[in-house]
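Asks: Have a look at the structure that comes next, please.
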Amino acid sequence: MSRLVVTAMLCAGAGTAHAAAPAPLPSTGMLIVLPATGTVRQANDQVTVIMTAEETNKDKAVAQSRVNLKMKQGLALLKQADPQASFKTESYYTYPVYPEQTNPPATQPRVPNGWRVTQSLRVTTTNLAALPKTVAAGQGVLGLSNLYFGLAPATFLKLDDERIAATYANLNQRVRAVAAAMGRDPADAVVEVMDFEGSGNYAGSAPPAPPPAPAALARAAAPAVEEPSFEPGETTLNMRAVGKVRFK
């Protein structure tokens, strides 16, 4: 009976030795290259609005005068609605309008039958609460061509700092995971290199109906426009980095 017990103990010991994990490979001085990523999100706090004045007329001077007056009136309404906004002229175009022709003679010169004039204004503001009111005020005279939300410069810098911190924290987490897999103390890892990498038209509308003469237009009150609805959304910033880590 004692021989059977001894034999069983020897067999169990041999099985345990066979199942034991192999000893970790030597890692002194080993250089590990690890990618890391960082992602941060922030609600948008700035908006850029493109407002446009457009006129079409047989007389180029008349079309230009009406656009100039529209932009002057629209700019005044926008500044009154949002005094803290910044304004910048985006573009000013004057180009001929040609009549539609089916198979015109190749030798016949094209003669314009009118002129189209457009002027665009860029409005940038962080006053998102007043945005619907501001846009509606501008639309009393001007057209809304484009609108997009983003981050104010100070907010972007703050978010960029957070993005760098998140990327470095991700690298530290991955170094600890690698050290555990190697059976090493994470304190033995030294980051030698951290390589951060940088973190994605005008469509002409139908010619409008002839407006009143410029003098009458200047006296006429801008029609009321229902306030639009907007959702600012959020901005996501990503960063990728590659770290070179050496184990002592």
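Asks: Among the residues of segment 24-58, write down those that are loosely packed, with under 15 Cβ neighbours inside 10 Å and part of a loop (DSSP other than H, G, I, E, B).
Replies: PRO24, LEU25, PRO26, THR28, GLY29, LYS58 - these are the residues of segment 24-58 that are loosely packed, with under 15 Cβ neighbours inside 10 Å and part of a loop (DSSP other than H, G, I, E, B).
Asks: Of the residues LEU151, LEU144, LEU171, only one is in contact with a helix residue (DSSP H, G or I) (Cβ under 8 Å, 6 or more places away or on another chain) and buried (at least 18 other Cβ atoms within 10 Å of the Cβ); which?
Replies: Values: LEU144 fails: buried (at least 18 other Cβ atoms within 10 Å of the Cβ); LEU171 fails: in contact with a helix residue (DSSP H, G or I) (Cβ under 8 Å, 6 or more places away or on another chain).
So the residue among LEU151, LEU144, LEU171 that is in contact with a helix residue (DSSP H, G or I) (Cβ under 8 Å, 6 or more places away or on another chain) and buried (at least 18 other Cβ atoms within 10 Å of the Cβ) is LEU151.
Asks: Of the numbered conditions (1) of a type outside the set (Val, Ile, Thr); (2) crowded, with 17+ Cβ neighbours inside 10 Å; (3) more than 30 Å from VAL245 (Cβ to Cβ), PRO112 satisfies every one except a single condition; which is it?
Replies: (2)
Asks: May I pose another question? Suppose we filter LYS158, LYS88, LYS79, LYS133 for residues that are surrounded by 15 or more Cβ atoms within 10 Å (Cβ to Cβ) and of a type in the set (D, E, K, R); which single one remains?
Replies: That would be LYS79, the only listed residue that is surrounded by 15 or more Cβ atoms within 10 Å (Cβ to Cβ) and of a type in the set (D, E, K, R).
Asks: Any idea which of ALA165, ALA218, ALA181 is part of a helix (DSSP H, G or I), under 30 Å from ASN127 (Cα atoms) and at pLDDT below 90?
Replies: On the way: ALA165 fails: at pLDDT below 90; ALA181 fails: under 30 Å from ASN127 (Cα atoms).
Answer to the selection: ALA218.
Asks: Oh, and also: Can you name the number of the only condition in (1) in contact with a helix residue (DSSP H, G or I) (Cβ under 9 Å, 6 or more places away or on another chain); (2) at pLDDT below 95 that VAL49 fails?
Replies: (2)
The values are calculated or read from the model by the stated rules, or taken from the named source; none is laboratory data. Everything numeric in this text was worked out from a predicted model, so none of it was measured. Positions of Cβ are generated from backbone atoms using ideal geometry, with glycine treated the same way; all protein chains shown enter the neighbour counts.
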